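FYI, it's all coordinate maths here, none of it is from the lab. Predicted model, so just to flag it, every value in this text is computed and none were measured. Heads up, the Cβs are rebuilt from the backbone with ideal geometry, glycines too, and the neighbour counts pull from every protein chain shown.
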């Protein structure tokens with residue numbers, strides 16, 4: 001059975017002292033810096049980023065990703081209000 005999870009050899013890992021994030025859209029991936037995260041209305045220093053391992057595509061903690069997604073939706077609603 002094929003897993004949707006990447007093998008350990010290809011799992012995303014943020015460099016020490018840096019805060020890039022791996023974002024996903026359909027079958028494409030994008031490594032972004034903290035300024036891009038801020039432009040989405042999210043706080044790059046939010047502890048949930050660390051909890052998901054900076055990997056939106058295959059988060060270590062699905063609940064933390066859900067919280068970040070909720071914060072993203074709230075930021076988008078506030079920006080359009």
* Mind giving me the nanometre distance, one decimal, between the label points for residue 61 and residue 35, set 7 Å out from Cα along Cα→Cβ? => 2.9 nm
* Asked: For the pair residue 81 and residue 43, how long in nm is the line joining their label points, each one 7 Å along Cα→Cβ?
  -> 1.8 nm
